[in-house]
Amino acid sequence: MAVKEIVSAVTENIIARSKPSRRRYLDKIEAAVALTPKRKALGCANVAHGFAACGPQDKDALRNGHAPNLAIVTAYNDMLSAHQPFETYPEQIRQAARAAGGTAQVAGGVPAMCDGVTQGETGMELSLFSRDVIALSTAVALSHQMFDAAVYLGVCDKIVPGLIIGALSFGHLPAVFIPAGPMTSGLPNGEKAKIRMLYAEGKIGRAELLEAEAQSYHGPGTCTFYGTANSNQMLMEIMGLHLPGSTFVNPGTPLRDAITRESARRALAITALGNDYHPIGRIYDEKAVVNGVVGLLATGGSTNHTMHLIAMAAAAGISLSWQDLAELSKAVPLMTRVYPNGKADVNHFNAAGGMGFLIRELLGAGMLHEDVSTIMGAGLTGYTKEARLGPDGDLIYADAAAASHDESVLRGAANAFQPTGGLSVLTGNLGTAVIKTSSIPDDRHVIEAPARVFHSQEELQAAFKAGTLNQDVIAVVRFQGPKANGMPELHRLTPPLAVLQERGFKVALVTDGRMSGASGKVPAAIHLTPEAVDGGPIAKIRDGDMLRLDAVNGTLEVLADISAREAVKADLSANAQGTGRELFQAFRSITGGADRGASIFEAV
């Protein structure tokens with residue numbers, strides 16, 4: 001089916017806007033293509049260093065052979081439950097590569113921090129910039145130029161976007177992203193949220209809260225709510241960089257191991273040394289970017305991707321804007337209800353039909369470009385499949401479910417939960433912001449209330465505990481943007497604001513900072529630009545100013561003329577030292593705004 005007019009129009013606008021930068025990018029990667037193994041162009045001492053630590057079989061192949069060599073770029077560590085399974089992947093990949101007639105080497109590791117561990121702590125101020133550090137680390141790993149393709153082991157929030165940016169700088173190389181899958185379901189996310197609210201009210205103690213958190217986050221794999229990590233995984237599949245049906249298979253299972261082996265084989269099969277060459281720089285084009293945006297909107301995905309998708313696209317010479325997201329959001333139906341947009345988790349989503357069902361429905365509704373290149377070849381139809389284990393233990397495919405197995409979790413496009421997407425852009429005299437509407441009750445889409453201004457989430461929490469927020473209120477938390485303090489997630493704001501909302505007050509949040517991809521039911525205008533440290537209008541708001549957040553009409557305004565006011569300045573010196581923050585001063589000084597991806601790299 002042909003794509004809908006709005007999808008086509010947005011895509012054409014992106015293509016036209018990106019034409020010069022995309023041409024420069026494609027010329028760059030074309031010049032880097034090698035039809036013989038890259039290592040053959042290295043000096044003898046260079047290549048000898050490259051294979052020095054290999055075993056005899058791999059050493060001989062790298063020294064004398066012409067078979068492809070696969071780079072493994074890994075984000076393994078024990079801090080992230082989602083990344084812990086990657087500990088054993090390199091050996092699985094090496095064995096699969098040998099069986100396919102190639103070789104594989106760990107080219108390098110990239111840092112991977114757990115936002116769950118650092119939430120509300122000073123380390124969170126390094127989180128967003130870690131994406132760009134990961135991109136730089138990926139480039140360092142691949143700079144050895146021993147490789148003909150690469151596989152990337154990463155799942156969580158900044159890791160996949162950073163790996164994509166780094167991989168696109170080596171866009172002539174094929175790239176296969178290998179997920180680890182979600183942990184099995186534990187304490188339901190809704191129950192966890194209730195316990196957090198009880199703790200915020202002082203009705204239960206730390207022991208009860210810790211027990212609930214431990215029951216929720218209980219084993220290897222991705223956290224099961226639909227936040228940034230699982231939004232990453234959805235994106236990699238719908239953009240054709242995962243194997244079909246591989247995204248939400250639990251770790252430590254025979255099927256997951258089969259997916260890992262087949263991912264390695266596929267990466268070796270699509271190098272420039274053969275006849276089925278599919279470099280990531282060609283796969284990651286304007287149509288793939290639009291497909292990713294559509295997937296994000298149809299699933300009510302993480303607001304963090306309103307920045308990540310822009311930064312990722314820019315790395316491929318593609319200019320994506322918030323306006324593009326806003327236009328698509330008007331037409332893309334919301335097809336899933338996964339926490340925080342519903343009660344289910346990603347395991348329930350997968351059981352209901354998963355990615356294969358979602359992609360087939362979106363293709364049938366004309367919301368996705370089918371005519372794209374993927375790691376599997378031409379066309380997105382190949383992703384309307386489920387991954388299964390064959391009788392010999394290898395990966396096989398079957399058609400995705402004909403109908404959703406649970407319409408409370410996943411629906412077809414014709415019977416969607418709502419006709420528009422789960423993210424919106426707000427504009428007005430305060431600037432431009434993003435709001436996640438998919439999880440907000442319908443009667444909370446418009447909030448008009450007096451402002452209470454804070455310069456940190458700790459200030460807001462103190463006011464809540466003191467009982468001074470028991471009223472209709474729009475909390476303004478400023479000096480939280482990328483230039484101010486690295487734009488930490490403000491997830492600790494969620495429980496107190498949710499409690500106020502439960503008490504019947506009209507409550508909303510306005511901030512130049514970020515919220516967690518798991519944030520839910522409180523209306524939150526986030527990523528506001530210009531940010532306060534740049535003198536944006538948010539720096540002129542005072543306590544008591546009437547604000548209006550209107551997610552229906554897409555506006556965010558202060559109901560007064562504040563243009564003559566002087567912008568408030570804040571002492572941010574405490575954010576410049578400790579927990580490694582002093583090392584990131586250069587990042588804070590050169591980063592772009594949230595609407596440009598909040599990146600240290602030059603935007604398109």
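Place a point 7 Å from the Cα of L572 along the Cα-to-Cβ direction; which residues of the stretch 281-307 have their backbone N under 12 Å from it? So the set is empty, nothing qualifies. Calculated mean residue ellipticity, 222 nm, the chain: -11000 deg cm²/dmol, from DSSP H runs (n ≥ 4) at -39500 (n - 2.57) each, averaged per residue and rounded to 500. Couplings 3J(HN,Hα) for the stretch 578-585, derived from phi with the Karplus relation 6.51 cos²θ - 1.76 cosθ + 1.60 (θ = phi - 60°), are x, 6, x, 5, 4, 6, 9, 4 Hz, where x marks Gly and Pro. Using only the alpha-carbon atoms of the stretch 1-133 as identical scatterers, what base-10 log of I(q)/I(0) does the Debye formula give at q = 0.16, 0.19 Å⁻¹? Each listed q corresponds, in turn, to -1.00, -1.04.
Here the stretch 156-193 and the stretch 84-116 have alpha carbon centers that stand 14 Å from each other. From the Kirkwood radius over Cα pairs of the stretch 288-365, Stokes-Einstein at 4 °C and 1.567 mPa s returns a whole-number translational diffusion coefficient of 97 µm²/s. Using a probe of 1.4 Å on the protein chains alone, the accessible area found for R503 is around 110 Å².
Placing R0 at 56 angstrom, the Cβ-Cβ distance between A463 and R23 gives a FRET efficiency of 0.60 after rounding to 0.05. Extending 7 Å from Cα along the Cβ direction at Q323 and again at R542 yields two label points whose distance is 3.5 nm.
Working note: Debye formula, equal point scatterers on the alpha-carbon atoms of the stretch 412-560, no solvent; log10 I(q)/I(0) at q = 0.17 Å⁻¹ is -0.89. Taking one quarter of the surface of the C-alpha convex hull of the chain gives a mean projected area of 26.2 nm².
Loop-located chymotrypsin sites (Phe, Trp or Tyr not before Pro) in the stretch 244-336 (DSSP state other than H, G, I, E, B) with a sparse environment of at most 11 neighbouring Cβ atoms within 10 Å are absent.
Annotation: lysines with alpha-carbon distance below 21 angstrom to K483 (same-chain offsets under eight excluded): K158, K540, K569.
Just need the relative contact order of the chain here, percent rounded to a whole number, with Cα pairs under 8 Å and 6+ apart.
After rounding, I find 15 percent.
With semi-axes defined as the square roots of five times the eigenvalues of the C-alpha gyration tensor, the equivalent ellipsoid of the stretch 66-222 measures 36, 18, 10 Å, largest first. Measuring between their Cα centroids, the stretch 477-494 and the stretch 257-308 lie 30 Å from each other.
Of the trypsin sites (Lys or Arg not before Pro) found in the stretch 354-391, no site is in coil according to DSSP while having at most 13 other Cβ atoms within 10 Å of its Cβ. Along the chain, the exposed loop sites are GluC sites (Glu not before Pro) outside DSSP states H, G, I, E and B with at most 16 other Cβ atoms within 10 Å, and the longest stretch free of them is 202-406. Shown in residue order for the stretch 351-365 are the 3J(HN,Hα) couplings computed by the Karplus curve 6.51 cos²θ - 1.76 cosθ + 1.60 at θ = phi - 60°: 5, 6, x, x, 5, x, 5, 4, 5, 4, 5, 5, 4, x, 8 Hz (x for Gly and Pro). At a 1.4 Å probe, what is the % contribution of carbon and sulfur to the accessible area of the chain? Heavy-atom surface of the chain belonging to carbon and sulfur, 1.4 Å probe: 53 percent. Think of a 1.4 Å ball rolled over the protein heavy atoms: the chain then has 36 Å² of accessible area per residue. For the stretch 153-290, the C-alpha radius of gyration sits at 1.31 times the compact-globule guess of 2.2 N^0.38 Å, with N the residue count.
Could you please put I204, I359 in sequence from largest to smallest accessible area, using a 1.4 Å probe?
I204, I359
The 1.4 Å probe gives accessible areas that order H83, H144, largest first, as H144, H83.
Equivalent ellipsoid semi-axes for the stretch 549-604, as square roots of 5 times the alpha carbon gyration tensor eigenvalues: give them largest first, rounded to whole Å. Kindly include the intermediate steps, with their values, before the conclusion.
On the way: eigenvalues 177, 74, 26 Å².
Working from the Cα gyration tensor, I get semi-axes of 30, 19, 11 Å.
What the pair-distance distribution of the stretch 398-495 shows, using all Cα-Cα distances binned every 10 Å from zero, is 11, 32, 29, 16, 10, 2 percent. Rounded to the nearest 10 square angstrom, S408 shows an accessible area of 80 square angstrom against a 1.4 Å probe. Pairs of Cα atoms nearer than 8 Å and 6+ residues apart set the relative contact order; for the stretch 270-348 it is 28 percent. The 1.4 Å probe gives accessible areas that order C114, C44, largest first, as C44, C114. Within the straight-line cut-off of under 17 Å between alpha carbons, the lysines reachable from K40 are K59, sequence neighbours fewer than 8 places apart in one chain being disregarded. Once Rg and the Kirkwood radius are both taken over the C-alpha atoms of the stretch 1-57, their ratio Rg/Rh works out to 1.35. Taking amide H positions as modeled 1.01 Å from N, with prolines and chain starts lacking one, the residues under 5 Å from L490 and 5 or more places away or on another chain are R514, M515, S516. A Förster distance of 22 Å, applied to the separation of the beta-carbon atoms of D394 and E87, puts the FRET efficiency at 0.45.
At the residue level, K192 shows approximately 10 square angstrom of accessible surface with a 1.4 angstrom probe and all protein chains present.
The values are calculated or read from the model by the stated rules, or taken from the named source; none is laboratory data. In this text the structure is predicted, and so the values were computed from the model without any measurement. As a convention, Cβ positions derive from the backbone with ideal geometry for all residues, glycine included, and neighbour counts pool all protein chains shown. When the accessible area is computed, the model is the full protein with side chains, heavy atoms only, and any ligands, DNA or RNA have been set aside. Shrake-Rupley method; radii C 1.70, N 1.55, O 1.52, S 1.80 Å.
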